[in-house]
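Every number in this text was worked out from the coordinates using simple rules, so none of it is lab data. Since the model is a prediction, treat every value here as computed from it, not as a measurement. Here the Cβ positions follow ideal geometry from the backbone for every residue, glycine too, while neighbour counts run over all protein chains shown.
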Amino acid sequence: MMALTNDKIKANLCRELKLALKNAALEIPEATITLCSVIEAIFIHGLKDPFFVKGSRYAKYPEPNFWPFLYKFTHKSIKQQIDSLNQIRTEIGKARAWIRIVLNENSMEHYLRLFARDPQSFSAFYHKYAFLRDFENYNVMTGYMKGIANITIDAPVNSSFLNNWTPTPLILAGLVTGKPARSEVEEIGEPALNLIELDAAAEPRSFIKPSKSLHFSKSNSLYLLCFCTHFVIFFVLALCSVDEDELSSVYSHPSMMEGGNVRPYTLLLSSTPERNEILSHIVPEASGFTTDAYQVCDVVFIEEEDMNGEDECGISRELIPLLTEIAHSAGLAEQDFRCPLCSKSIGPTFSPYRVCGLDGKYYCTNCCRKSDQSIIPSRLIHNWDSRPYPVCRGNLSFLRAVEDRPIIRLDKVNPSLYDHCPTMKKILNLREKLSSAAMYLLSCRQSVAEDLRLRLWPKEYLYNDIHLYSFSDFQCALSGQLEGHLNSIIRYAVNHIFHCKLCVQKGFFCEICSSREVIYPFQVETTVKCATCFSVYHKRCYESDHCRKCARREHYAERVSSLGDHLPLE
């Protein structure tokens, strides 16, 4: 009879687990609560009596404690994380927090596989009829947890309600009779818990308005750029829909805002004169949203000296070397076996991982997906390696943010690339040719100069700084697009020079052969320009160590100097 009851309990747990995962995939609000309760029930089912805090499983209010079992397998970083939770004070709370942390990290499947490698531990903690010792059900659960990798779970872990059991997991495990609830108070989020944690004897709390200073950490500045637009719209719509009575129930306290003060949300709109027009489009006038609703925040102007090592686009200058220096992996131990982005446990016995080709660090497969690949700028610059490598989400966003910005000086980073790569040697010759031709057009009529600038905008550096590149320039060089673009601009410039009465007169005569042929510095195939005086000669006539114009200047300077010593005084 007991075996039959346990079979029913295990079958019910499988159904509940399947339903909870389905609801989580559909993003049903209560799905996370139910999923945590079902998994807690699975770990409770069949637990031996010595691991009940008081009495046994037959007590009126049983208190099962499977933390000793989990502790044996848990990574030290998760142990440290649990120990740092200021509201978790019991082993029951630690076990329940562990389940939520592992679910948030999508690591449950890997822990289940880790448990399966040590069947002796199962027999020490669980009866033979336990769900976790049922081979068929265990494999079903492992399969379900593998499918959860694509579901985002955000279960709160720092809650005093986790220190004691709630009825639902006990009912599902068959320890208590009753009907499991779908929603319980245990899942109150951390913002609400911060209110509970406040000192009851504190001073009367004031109504929270949008705070007057908003500080974003340097590490998040890159993602803030993509986040701001959506954040402003949601914030404005929220102000329109929130009732005044609801607002009056929210209180401010210094401990609620971890980075200190919060700068105004209007900062995100005030940077453009069109902010009022934007507001008028997204918020109808009839909604009751007036200028007073957002003027509680002061406009803050950020000065350049306050940018804390970030450029005008909010990108940390510390990240720039990632583009020019090949990164080397330091090993998982240096990262404490944690994913740098989400802090998920990774390693051979935990979650799988990938090495990011840009910074050489190890990331979980959610933060560094196989499909997220890119050419690595540093490998292209030093080895002309154009193979795509896996790149984590954050670094991929960084590459996309800077790919069009000219921040790589090839003459400083690796000038030998010109000698070893025919493609880059050809690009250099074309840019030298363009640089010489552009000087003619820029000194011509204003309309001609403006036309050239428009054709090259925003890549004026292609002619005025021939060794400066952006990441996208290297990619275009690989595909041949950069060469084609340079050739088209050069053809336009040369055609103008030969047909413009002003520009065509700015040619040179070769002083060495005294030919009457007019030559130009952009004719790099047949001419050469002196780097000192910029005179132009035929290549066949010029000797690299002898320029006639420079020789005349030196001779004249010496003559003036010698005459100056013997000039009579008046």
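Points to keep in mind about this one:
- A straight chain from Y461 to T526 at 0.36 nm per residue would run longer than the Cα-Cα distance by 20.9 nm.
- Approximating the spin labels as points 7 Å out from Cα along Cα→Cβ, the T90-to-N150 distance works out to 3.9 nm.
- Estimated FRET transfer efficiency (E511, S371; beta-carbon r; R0 45 Å; 0.05): 0.15
- Cross-link reach is defined here as a Cα-Cα straight distance under 30 Å, omitting same-chain residues fewer than 8 places apart; for K425 the lysines meeting it are K412, K433, K459, K506, K529, K539, K549.
- Förster radius 45 Å - calculated FRET efficiency between L454 and E554 (Cβ-Cβ, nearest 0.05): 0.55
- When each of K128/K179; K344/K370; K22/K179 is checked by Cα-Cα distance, pairs over 19 Å: K128/K179; K22/K179
- Point-to-point label distance, R387-T349, nm (Cα→Cβ direction, 7 Å offset): 3.2 nm
- Loop-resident sites, the stretch 414-454, for trypsin sites (Lys or Arg not before Pro), counting at most 12 other Cβ within 10 Å (DSSP): R445
- Spacing of the two label points (7 Å from each Cα toward its C-beta) at K539 and V53, in nm: 8.6 nm
- With contacts taken as Cα pairs under 8 Å at a separation of at least 6 residues, the stretch 346-418 carries a relative contact order of 26 percent.
- Ranked list, fewest to most other Cβ atoms within 10 Å of each Cβ, for H382, H420: H420, H382
- Here the residues Y362, Y144, ranked from fewest to most Cβ neighbours within 10 Å of their Cβ, fall in the order Y144, Y362.
- The stretch 2-197: relative contact order in percent, alpha carbon pairs under 8 Å with at least 6 residues between: 30 percent
- Length added when fully stretched, A330-S443, from 0.36 nm per residue minus Cα-Cα: 35.3 nm
- Neighbour-count order for K48, K361, K412, fewest beta carbons within 10 angstrom listed first: K412, K48, K361
- Working from Cα pairs under 8 Å separated by at least six residues, relative contact order for the stretch 417-506 is 36 percent.
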